[in-house]
Each structure stands twice: as structure tokens, then as C-alpha cells.
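J.: Quick one: the structure is below, questions incoming.
The values are calculated or read from the model by the stated rules, or taken from the named source; none is laboratory data. All figures in this text were calculated on a predicted structure; none of them were measured in a lab. Methodologically, a virtual Cβ is constructed for each residue, glycine included, from the backbone with ideal geometry; neighbour enumeration extends over all protein chains shown.
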Amino acid sequence: MKTIADIMAIKEKMQREIILRDNLSENETRLVVGMATCGISAGARAVFNALVDEIAVRNLKGVKVTRSGCLGMCKLEPIVEVYVPGQEKITYIRVDAEKAKKIIASHIVNGNVVEEYMITNE
Amino acid sequence: MFRSHILVCGGTGCHSNDSAAIREKFEAALKARKLDKDVQVVTTGCFGLCAAGPVVVVYPEGAFYSGMTVDDVETVVDEHIVKGRLVERLLYKEKASHAAIKALSDTNFIKKQTRVVLRNCGVINPENIDEYIAYDGYQALIKVLTEMQPQEVVDIVKKSGLRGRGGGGFPTGLKWQFTKDAPGDVKYVCVNADEGDPGAFMDRSVLEGDPHALLEAMVIAGFAIGAHQGYIYVRAEYPIAVQRCKIAMEQAKEYGLLGKNILGTGFDFDIEIRLGAGAFVCGEETALMTSIEGNRGEPRNRPPFPAVKGLFGKPTLLNNVETYVNIPQIILKGPQWFTSMGTEKSKGTKVFALGGKINNTGLVEIPMGTTLREVIEDIGGGIPNGKKFKAAQTGGPSGGCIPASEYDIPIDYDNLISIGSMMGSGGMIVMDEDNCMVDIARFFLDFTVDESCGKCTPCRVGTKRLLEMLTRVIEGKAELEDLDKMEELCYYIKNNALCGLGQTAPNPVLSTMRYFRDEYEAHIKEKRCPAGVCKALLSYFITEACKGCTVCAKKCPVGAITGVVKGQHVIDQSKCIKCGVCMDNCKFAAIIKK
Amino acid sequence: MRELALHILDIAENSIAASASLVEIEVATDEKVLTITVTDNGKGMDEEMQKRVAEPWATTRKTRNIGLGLPFWKLAAEMAGGAFSIRSKLGEGTRVKASFLVDCVDRAPMGDLAATIAALMAAENTDFVLRYSRKGEGFVFDTRELKAAGIDVTRPAAIKLIRDMIRENIIITDGGTVL
């Protein structure tokens, strides 16, 4: 008979072994978070981690989160750019952790761009 | 730590193609090269792409090898494992493009799916509880037992909008609430794994590929409604599924996740497996419970519903496998996560068993609201030989067909019902222009006539009479007014049968008559089967293209073909049994049917 | 920036921009002083540039490589009774060192260091080493080891898992307190 702590220990030990089975894909979707001083101070790290969590929790394959430097629109940070293969790039501005989750649910999973967070020509 | 993992599919499809021998060969080949400490060989559940079986996936590259044989194993070990080169020849090829696909995740088949229920199938070793735990297994149970009250669990299920995946689509949370609220000390949690629809095998796949998910969900359900005993009713025709369930239960007991005082929290829950003998009616809930009790599997009247008076007369929660398997993830990720997938009234995903005239025969899981076109063309890889889509049958013998005019309909419970079909348990049989819809209706009706338990007259006698009328259509002996009589009989059976089997049995007939009345009329008025399927209305003829090679005459099993060498042969229509062997073997396409 | 961990992310981003293949982050605490050192093997800078880095407002407009990050970092250290130094050699790399008095009221909290490392791991061509110690106890995290074991550390599932492990190790090491 195991205790709850035992189960947790098994989980951690096994996760290190099976992480190899998470698949790599050449044809992947990329979410790029602006991570320069401006982005970081506006909360880019929380956005980055929220995106990673949401993708991991939903077990989405072929989706990666990466980082980029300053995009020159510091007042619009945190900025997330979404590259889906075969589609135009979408730029989301002033993203926070909650918006990040919605972007994953709506744009990445269901394929609906979240227009209200998109950059405009103002 | 292993540097590479070789996953060999051990689902029923690949198993019957000798995947067990492939696995053994891998182990032997690795051992011979002293690589058995570096490379792990794992048997998994079904990957879903059964048409490509036996399949093997090698990580970390994720290389997806299909149609493997025992002889290919040495090649994969030498090339891929030793030298690090992919074996191009064995990589899976997408039928549309013929380009070799490197990784499983790059196939359209996998890319367009959202895997919730099937998330672990083909990923973990179902006979190793530790691997299930690694993928968040039993975390939901820990959360429920240590942090939540039973009512909170029920509330989460209600909020998720989950509906029964077995057919009817009843809100699962409500069912849990009714069973929880029913008075009584002794209650039961029951699983319907009696998957009887021809062509449906998603529950089998889950049981084979991720049995612990079901066990975890059952314990959670037991906690939520106040039950301490569960039953899994599974058909004896699923030996691998039964075996893996038994192994899973033993491991769960050893870990204290099942049995007395689960994880030291004081909650008791135990599970027993009951084998069904394969009667279709035992998938009906009241018949299923009667069968578990040890009686002849016959349905009874409802109400009382199982939530009030079920197994052994006690309040019973009965859901199907797919419904339960959603539960742990809903608990862990929250109802909002679940409701973010699907349509307004149908949340989450649905697993379909794709079969019939489709390139990628197998299991697919899609968010509710995906269109039929996406399922068939993107995931299913289209229809073989460039034929045209005619219809898809969903819901098996209880459902109906979706015609080409509804190709773009978003698939969910309510849309399917509005066009006269139903979700059912998830069989999806694709038909092309070569299928005769009258014949399809007869196939399903023939099945229900066979499977009717005989307890009530509308089903026992009604479906039999309906089948006789349908057979007359197929033999070209019917009159037009017979169609009206058939329709009347259909509604009579639907309204008067005792259980779901009878109430839905006429659906394939009604649905094909609704969308393909012209085919019925062609059989009756012109004595012609437009698709060229119904034998009674067909004749085979030899045209002038015949070179007199005599192959057909030699092949004909009844000696109906005569002729001299290098002269045109003739078929004696009075002897011909219309088996089509002559046509299949003619090298000059000189034999036609009309 | 409200956390030291955010500063570290910002400084390390400079290292990535300077095309470093390895960035070592050392976070060491004794009884009184917290020292954070970020060392990279990037393209480095000349002496002229090093001098200008110390004078933020005179230089930030001229170079995109440095930005406002270093002056902020220097300010944060000096505000907390610590010191700041930068040593660099063209073509060899840069080391940025900042120290803080642990108990100074103006010292910003450490914040979520694990989340910082998680965000850095997504950089595909740069490896990271985190050396974390407190009063002699500590641990080392090295992405090169993970890569050698065949783990793609740029995948979300891996990032999340590793972040949670680092977070736990930090909590164990500093005895459950948040620095």
C-alpha cells in the first residue's frame, strides 16, 4: 500500500523517464513572446509561463513557446506573435496570463483568432 | 535512463497482425547488440491508425513506422538505433501525398485531433501503473479524496457540461446528482463496456490502452455518489481488454488505490469485472444490470431509472467507458477547460471509430463541432480510389446516415438528431458511390432482428416484418405502396418497443428512406440497383472485348460460363449465382454487370 | 522590475542577444550577502563600451545590445547596500556580478527564479547552468545534461516539468523561506 507521497514520488521519477516520448515536430506552431527589458517589466515572463503551462496541461503536440527581443513597440508589451504553419502571423498585444490562456484555447486549439487582443493600426 | 524508447502497438488490431512477435524480436535484437540497457521496448495501447498496423514508434525522434513485419525489426535496430538513420522505406506514408512522414505527430491523422480520452493510448504501457501515474494518473483521485466534498465533485461534473458518450447524450452531472440524492445506504457504480455496435471499438481501445483512467474515474464516481462497489460490464469478445483491466486492478490494489482505506483516507471502493456474452441488448442499461445480476439479459420498463432502482434494486450510476474517462481530467484541469472545447450544447471531444470506405481506418478523437468533411477528408485521409462520398452512418444500428448534402454539418448531439441520425457510441461508417443505401439499411436491420431479445412484440415481430419488406425491395418484388407501409411500421415500432434497442431499430431504414428515396424507388420501379450491389437485380454479361482466354470459365464455381478458346464466352443466366468471380479475374475488362 | 529574478532574466537575455552558447547563473547567499553572477561566453564588449554601461543615460540610445537593463540592475544592487561590477573581453564573454545585503529593506525580493529559468530554456542555441546555494546547501541545474539525456528542453511539457522541479529544489534549499 502506497501513501499519497509515494504516488507523487513515482510520478516525478517516471516523468523524467517518459519525457523522451513527447514528440518533436518539424511542422510546428510557434508562439513568440517579446522578452526584452520592456517586455519583462510589463509581465512577459508570466505570459510565457502561462502559455507553457496551458500547452503542457492540454498536452498539445507540435506547439512551442519561444522568446524574442524588443520589437520596437514597447508600450504594447507584453507582445505574443503566433505563427501557425500555412497561416499569416498574428500579433497579440498587452497580453496577460489570462489572455494567454484564452489565446491557446481559442486560437491554437479551435483555430479562432482572438480579434479583441490583436494589434490594430491605431 | 534509456536513451531511446521503442513503442509497439498492442491494441487488438496490431496484436492480430503479430505485434507481440515484433516486440519479442525487438527485445532479442537489442539484447544481441547489448543495447537492452539503453533502449526500452514498450507495448502500448492503440495508436488509432489501425489501417497502418502493425505500428511502431521510436522516440526521441518520434519516427512512425507502419506495416511492420518481424523481418523488418533487424533493419530498424541496425539502421535507426545503431546508426541513427531513419528507415525511409518503413515510414508511414500519407495516402494523399505518398510522401514519407517522419513523425507520428506530423501525420494529418494525429495533427487534426484533440486527444482527451485517448491521450494515453499509444503513449503509455497500459500494464505499468507507474507510467499512468507519470502522466498525471491518480492525481484527480488524490485531489478528490483529500480536498473535496462529494457534492463538489458532482458540481464540477455538472459545470463541465459533459454528456453521456454511450448514445443518448444525457447530462452526466445530472445523472450523478440523481444517484447521489437517491435514498439508500448501498449504491453501485457501473461501467457499460458492452460495446456492441458493428464497427465501433473506442471503448475497447481505452480499456486496452489506458485501463487505469477508467479505474480512477470509477473510484471518483464512488466517492461522489457514496458507493463502495463498482462493476465493469465488458464483453468476453475483448480478451485483451479484459486482461489489461485485470492487471490494472491488481496493480491499483497493490498501490492502495483500490480496496479498503484508499491511500489512507478511509474511503473504501472495490471493483469487479463481469463478462457479457456478446448480446447487443445487454448494452441497454436495464438489460445490462439484469445480466450483471446473473439473469437472462432482458430490458425492463423505465421508470424506475437505475439512479433510483438499479443493480440489485439499489441506486446505480451507469455510464459508458468514454464518459468516465473524461472525469479525472475534468477534475484536474477544471470544468472551464472542458467547456472551452466543443459547441454550445455539446462540450468536449468525441471519439469515433472510422470505418468503411476510408483511407485511415482507425480511431479519431475530435472536438465536438468538427465538420464531417474535416473528419473524413483531413483526418480520415479521404475515400480510396478517388470515389465520391455518398453518406456516413453514425450511431450504428440505432443511428442513421448523414448524406453528402450535410457534409459540412458540425458534428454534435443536437445537429445529428436534427438530421435524423444520432451520435451513438461513435461508430462512423463511410460509404461511397458503390454502396447501395437500401442494402446498408438491410444490413443494420438484419443485425437488430438477430439481436432482438424477444421480450416485447413490437421489436420481436415488428423488426422481422420490416426486414421482410426491405428484402422484397432488394429483390425487386416490392410495390411503391410498400414504402408507405414500411414507414408506418417504423414509427409503430419506435413508439411501442420496450427498450432503446427496439425504439431505435428502424432508424437506419427511416434515415435512408428520407435521404435516398430515389434509390428505393429505382429498386421498385425500374427493378434496378443504382450502385450495382443488390444481386437479385443484377446480371453479369460478357462483352465483345472477350479474347476467349477461358480464365472465367475455369474460375466460375458453378460452371455457368461456356465458350471455345479464342472465342467470346457466354454466361448462362439460369446457372449464374452472381458471385462476381469472373469479373474480378477477367484481364480484359470484358465482363460487365447491369 | 519588482523581482531580482526578473532582472536575471533581463541580463541573461542580453547574453542570448550576444550569441552566447552558454550562460551560467550563480545565486549564492550567505548570512549577510546575496550575490548574483551571470557569466556568458558571448561576443563580449570593448573597454569603451564597459565604461559607458555604467552611465546609463549617456549611452542607452546608442546601442541596442545593452538597453536599460544593466543600469536598472546596478541601481537595484546599490540601493540594497551592495555592489555591481561588469567584466568583459571582446570575443570571450561577459560577467555581470551584483551583490545585495540580504536584510536591507530596499532589497527587492528574489521572486520566481524557476519561472525565469523556464523562460530562458526556450532559447534554442543557448545552454544554461543555474548554481543555487544558500549557507553551503545547494544544487546545480544544467540544460546540457538534460540535452545529453535526449530531452528537448524547448518543449512546453519539458519546460513546465523542469520549472516545477527547480522551484521545489529552491524551496528545499532555502528551507521554505522566500528570499
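J.: What do you reckon, is B:Ile232 surrounded by 22 or more Cβ atoms within 10 Å (Cβ to Cβ), hydrophobic (A, V, I, L, M, F, W, C), assigned by TED's automatic domain parsing to the domain that holds B:Ala134 and at negative phi? Steps first, please.
T.: Numbers: surrounded by 22 or more Cβ atoms within 10 Å (Cβ to Cβ): yes; hydrophobic (A, V, I, L, M, F, W, C): yes; assigned by TED's automatic domain parsing to the domain that holds B:Ala134: yes; at negative phi: yes.
Spelling it out, B:Ile232 is indeed surrounded by 22 or more Cβ atoms within 10 Å (Cβ to Cβ), hydrophobic (A, V, I, L, M, F, W, C), assigned by TED's automatic domain parsing to the domain that holds B:Ala134 and at negative phi.
J.: Taking B:Phe170 and the conditions (1) modelled with pLDDT under 95; (2) over 21 Å from B:Gly310 (Cα atoms); (3) under 23 Å from the mean Cα position of the chain (by Cα), which numbered condition does it fall short on, given that it satisfies the others?
T.: (2) is the only condition that B:Phe170 fails.
J.: Is it fair to say B:Ile358 is part of a strand (DSSP E or B), at pLDDT 90 or above and in contact with a strand residue (DSSP E or B) (Cβ under 6 Å, 6 or more places away or on another chain)?
T.: Values: part of a strand (DSSP E or B): no; at pLDDT 90 or above: yes; in contact with a strand residue (DSSP E or B) (Cβ under 6 Å, 6 or more places away or on another chain): yes.
It is false that B:Ile358 is part of a strand (DSSP E or B), at pLDDT 90 or above and in contact with a strand residue (DSSP E or B) (Cβ under 6 Å, 6 or more places away or on another chain).
J.: Considering the range A:26-42 alone, what residues qualify as being at the interface with chain C (Cβ under 7 Å from one of its Cβ atoms), in a helix (DSSP H, G or I) and in contact with an Asp or Glu (Cβ under 6 Å, 6 or more places away or on another chain)? Even if it seems obvious, please write down each step before you answer.
T.: So in the range A:26-42, the residues at the interface with chain C (Cβ under 7 Å from one of its Cβ atoms) come out as A:35-37, A:40-41.
Next, from what is left, pick out any that are in a helix (DSSP H, G or I): A:37, A:40-41.
Residues satisfying the conditions are A:Thr37, A:Ile40.
J.: Out of the residues in the range C:145-164 that are under 20 Å from the mean Cα position of the chain (by Cα) and free of Cβ contacts under 8 Å to residues at least 40 places away in the same chain, which is farthest from A:Ala9 (Cα to Cα)?
T.: Of the residues in the range C:145-164, the ones under 20 Å from the mean Cα position of the chain (by Cα) are C:145-146, C:153-154, C:159-160, C:162-164.
The next check asks that each one be free of Cβ contacts under 8 Å to residues at least 40 places away in the same chain; those that pass are C:145-146, C:153-154.
Details: C:Glu145: 21, C:Leu146: 20, C:Val153: 22, C:Thr154: 24 Å.
Checking each candidate, the answer is C:Thr154.
J.: Got a number for residues in the range B:43-57 being farther than 16 Å from B:Ile358 by Cβ and either surrounded by 24 or more Cβ atoms within 10 Å (Cβ to Cβ) or outside the structural domain of B:Ile22 (by TED's automatic domain parsing) (or both)?
T.: Here the count works out to 8.
J.: Mind telling me which of the residues B:Ala241, B:Ala248, B:Ala221, B:Ala252 ends up being part of a helix (DSSP H, G or I) and over 21 Å from B:Glu127 (Cβ atoms)? Steps first, please.
T.: Numbers: B:Ala241 fails: over 21 Å from B:Glu127 (Cβ atoms); B:Ala248 fails: over 21 Å from B:Glu127 (Cβ atoms); B:Ala252 fails: over 21 Å from B:Glu127 (Cβ atoms).
The conditions single out B:Ala221.
J.: What helices (runs of 4 or more DSSP H) completely inside the range B:1-88 contain at least 2 residues that are within 14 Å of chain A (Cβ to nearest Cβ)?
T.: Numbers: elements: B:12-15, B:19-32, B:72-75.
The helices (runs of 4 or more DSSP H) meeting that bar number zero.
Let's see how each residue does on (1) at pLDDT 90 or above; (2) exposed (fewer than 15 other Cβ atoms within 10 Å of the Cβ):
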| site | (1), (2) |
| --- | --- |
| C:Leu90 | no, yes |
| C:Arg95 | yes, no |
| C:Ser99 | yes, no |
| C:Val105 | no, yes |
| C:Gly111 | no, no |
| C:Lys135 | no, yes |
| C:Ile170 | no, no |
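J.: Among the residues of the range B:99-155, write down those that are more than 8 Å from chain A (Cβ to nearest Cβ) and of a type in the set (Ser, Thr, Tyr).
T.: Within the range B:99-155, B:Thr107, B:Tyr132 meet the criteria.
J.: Turning to a different aspect of this structure: Being assigned by TED's automatic domain parsing to the domain that holds B:Met148 and modelled with pLDDT of 95 or more is the requirement here; does B:Phe305 meet it?
T.: Numbers: assigned by TED's automatic domain parsing to the domain that holds B:Met148: yes; modelled with pLDDT of 95 or more: no.
Answer is no for this residue.
J.: Name the residue, out of C:Met79, C:Met45, that is more than 14 Å from chain A (Cβ to nearest Cβ), at pLDDT below 90 and surrounded by 18 or more Cβ atoms within 10 Å (Cβ to Cβ). Before the answer, list the steps.
T.: Details: C:Met79 fails: surrounded by 18 or more Cβ atoms within 10 Å (Cβ to Cβ).
Of the residues listed, the single one that is more than 14 Å from chain A (Cβ to nearest Cβ), at pLDDT below 90 and surrounded by 18 or more Cβ atoms within 10 Å (Cβ to Cβ) is C:Met45.
J.: Then there's this: Could you list all residues from the range A:108-122 that are in a helix (DSSP H, G or I), in contact with a strand residue (DSSP E or B) (Cβ under 8 Å, 6 or more places away or on another chain) and more than 11 Å from chain B (Cβ to nearest Cβ)?
T.: Residue satisfying the conditions is A:Tyr117 alone.
J.: If you scan the range A:31-47, which residues turn out to be touching a Ser or Thr at 6+ places or on another chain (Cβ under 9 Å) and within 15 Å of A:Lys101 (Cα to Cα)?
T.: Answer for the range A:31-47, where residues must be touching a Ser or Thr at 6+ places or on another chain (Cβ under 9 Å) and within 15 Å of A:Lys101 (Cα to Cα): A:Leu31, A:Val32, A:Val33, A:Arg45.
J.: Within the range B:186-208, how many residues are in a helix (DSSP H, G or I) and more than 17 Å from B:Ile327 (Cβ to Cβ)? Give the derivation first.
T.: Taking the range B:186-208 first, the residues in a helix (DSSP H, G or I) are B:202-208.
Still in the list and also more than 17 Å from B:Ile327 (Cβ to Cβ): B:204-205, B:208.
Count: 3.
J.: For the range C:131-179, how many residues are within 9 Å of another protein chain (Cβ to nearest Cβ) and either on the phi > 0 side of the Ramachandran plot or touching a Phe, Trp or Tyr at 6+ places or on another chain (Cβ under 6 Å) (or both)?
T.: Looking only at that region, the number is 1.
Residue-wise test of (1) within 12 Å of chain B (Cβ to nearest Cβ); (2) of a type in the set (S, T, N, Q); (3) in contact with a strand residue (DSSP E or B) (Cβ under 7 Å, 6 or more places away or on another chain).
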{"site": "A:Ala9", "(1), (2), (3)": "yes, no, no"}
{"site": "A:Arg16", "(1), (2), (3)": "yes, no, no"}
{"site": "A:Asp53", "(1), (2), (3)": "yes, no, no"}
{"site": "A:Arg58", "(1), (2), (3)": "yes, no, no"}
{"site": "A:Met73", "(1), (2), (3)": "no, no, no"}
{"site": "A:Pro78", "(1), (2), (3)": "no, no, yes"}
{"site": "A:Val95", "(1), (2), (3)": "no, no, yes"}
{"site": "A:Lys102", "(1), (2), (3)": "yes, no, no"}
{"site": "A:Ser106", "(1), (2), (3)": "yes, yes, no"}
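J.: Have a look at B:Asp18, B:Asp71, B:Asp38 and point out the one that is surrounded by fewer than 17 Cβ atoms within 10 Å (Cβ to Cβ), at positive phi and of a type outside the set (Ser, Thr, Tyr).
T.: Working: B:Asp71 fails: at positive phi; B:Asp38 fails: at positive phi.
None of the other options fit; the residue is B:Asp18.
J.: Shifting gears a bit: Going through the range B:558-579 one residue at a time, which ones are exposed (fewer than 15 other Cβ atoms within 10 Å of the Cβ) and farther than 16 Å from B:Glu544 by Cβ? Walk me through how you get there before you give the answer.
T.: Initially, the range B:558-579 is screened for residues exposed (fewer than 15 other Cβ atoms within 10 Å of the Cβ), giving B:558-559, B:562, B:564-568, B:570, B:572-575, B:577.
If the condition is that a residue be exposed (fewer than 15 other Cβ atoms within 10 Å of the Cβ) and farther than 16 Å from B:Glu544 by Cβ, then B:Val558, B:Gly559, B:Thr562, B:Val565, B:Asp572, B:Gln573, B:Ser574, B:Lys575, B:Ile577 are the ones that fit.
J.: Is it fair to say B:Glu216 is within 17 Å of the chain's Cα centre (by Cα) and crowded, with 23+ Cβ neighbours inside 10 Å?
T.: Details: within 17 Å of the chain's Cα centre (by Cα): no; crowded, with 23+ Cβ neighbours inside 10 Å: yes.
When the stated conditions are applied, B:Glu216 does not pass them.
J.: For the range B:254-264, what are the residues that are more than 8 Å from chain A (Cβ to nearest Cβ) and surrounded by 16 or more Cβ atoms within 10 Å (Cβ to Cβ)?
T.: B:Leu258, B:Gly259, B:Ile262
J.: Something else about it: Quickly run through the range B:394-436 and pick out the residues that are within 18 Å of B:Leu470 (Cα to Cα), outside any loop (DSSP other than H, G, I, E, B) and either among the polar types (S, T, N, Q) or assigned by TED's automatic domain parsing to the domain that holds B:Arg514 (or both).
T.: Correct list: B:Ser398 only.
J.: Could you tell me whether A:Ile4 is buried (at least 22 other Cβ atoms within 10 Å of the Cβ) and within 14 Å of chain B (Cβ to nearest Cβ)? Spell out the reasoning first.
T.: Details: buried (at least 22 other Cβ atoms within 10 Å of the Cβ): no; within 14 Å of chain B (Cβ to nearest Cβ): yes.
It is false that A:Ile4 is buried (at least 22 other Cβ atoms within 10 Å of the Cβ) and within 14 Å of chain B (Cβ to nearest Cβ).
J.: Please count how many residues of the range C:13-26 are touching a helix residue (DSSP H, G or I) at 6+ places or on another chain (Cβ under 7 Å) and within 20 Å of C:Ala83 (Cβ to Cβ).
T.: Within the range C:13-26, the subset touching a helix residue (DSSP H, G or I) at 6+ places or on another chain (Cβ under 7 Å) is C:14, C:23, C:25.
Add one more test, that the residue is within 20 Å of C:Ala83 (Cβ to Cβ), and what stays is C:14, C:25.
Count: 2.
J.: Kindly indicate which of A:Arg45, A:Arg67 is within 13 Å of chain C (Cβ to nearest Cβ), in a strand (DSSP E or B) and touching a helix residue (DSSP H, G or I) at 6+ places or on another chain (Cβ under 9 Å).
T.: Details: A:Arg45 fails: in a strand (DSSP E or B).
That would be A:Arg67, the only listed residue that is within 13 Å of chain C (Cβ to nearest Cβ), in a strand (DSSP E or B) and touching a helix residue (DSSP H, G or I) at 6+ places or on another chain (Cβ under 9 Å).
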